[in-house]
Amino acid sequence: MNIHITKTLSIGIVLMGVVHIVATFTPLIADKLSLLPEGAQDAFTYFSLMCGALLILSGGVTYTLSGKIKEYTFVQKPYIFAIAILTIAGILAAYFMPHNPFAWIIFALTMGLMLTTVTSLLK
């Protein structure tokens, strides 16, 4: 596995998670949430924060474990699980937000990470 590519993509995913969380409180999103009933505002704020947290956690896991999956076989399952979750998240981001350029960045980063992992595991 090209660890440098994997780590770079993982850092990109973590950064997109931070952007997602910060964007939750910017006028771009907060103004749209203010149109919803109060209970729905809180729910959508939670959803947004958890989406960002998912990217941060999974990106952090792949960053941390990427250089260790061949040496320590017990980390392969959590690593592959994180890759699978990120792949699903990337696909759903592009599907549900096709006009959002950040969704496409997340899609590109997660697909790149998944392809890098698959090609390295097939070697």
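Show the residue pairs meeting these rules: Cβ distance below 7 Å; 6+ apart or different chains; first residue within segment 17-32 and under 22 Å from ILE85 (Cα atoms); second residue among the polar types (S, T, N, Q).
Within 7 Å, the pairs are HIS20/SER48; THR24/THR45; THR24/SER48.
Report every pair of residues separated by at least 6 positions or lying on different chains whose Cβ atoms are under 8 Å apart, first residue within segment 52-76 and touching a residue at least 40 places away in the same chain (Cβ under 8 Å), second open to solvent by less than 30 Å² (accessible area, probe 1.4 Å) and outside any helix (DSSP H, G or I).
none
If the requirement is being loosely packed, with under 13 Cβ neighbours inside 10 Å, closer than 22 Å to LEU92 by Cβ and of a type outside the set (Ser, Thr, Tyr), which of these qualifies: VAL22, VAL18?
On inspection, the qualifying residue turns out to be VAL22.
Exactly one condition in (1) open to solvent by less than 30 Å² (accessible area, probe 1.4 Å); (2) more than 14 Å from the chain's Cα centre (by Cα); (3) of a type outside the set (Val, Ile, Thr) is false for ASN100; which is it?
In the conditions (1) open to solvent by less than 30 Å² (accessible area, probe 1.4 Å); (2) more than 14 Å from the chain's Cα centre (by Cα); (3) of a type outside the set (Val, Ile, Thr), ASN100 misses (1) alone.
Here is a yes/no grid of residues against (1) within 26 Å of LYS7 (Cβ to Cβ); (2) among the acidic types (Asp, Glu); (3) part of a helix (DSSP H, G or I):
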residue: ALA30; (1), (2), (3): no, no, yes
residue: LEU36; (1), (2), (3): no, no, no
residue: ALA43; (1), (2), (3): no, no, yes
residue: LEU49; (1), (2), (3): yes, no, yes
residue: LYS70; (1), (2), (3): yes, no, no
residue: ALA89; (1), (2), (3): yes, no, yes
residue: PHE107; (1), (2), (3): yes, no, yes
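Find the residue count for segment 102-119, including only residues that are over 15 Å from ALA84 (Cα atoms) and touching a residue at least 40 places away in the same chain (Cβ under 8 Å).
Total satisfying the criteria: 2.
The values are calculated or read from the model by the stated rules, or taken from the named source; none is laboratory data. As the structure is a computational prediction, the values presented were derived from the model and not from experiment. All Cβ positions, even for glycine, are placed from backbone atoms using ideal geometry, and neighbour counts span all protein chains on display. With ligands, DNA and RNA removed, areas are computed over all heavy atoms of the protein, side chains included. Shrake-Rupley method; radii C 1.70, N 1.55, O 1.52, S 1.80 Å.
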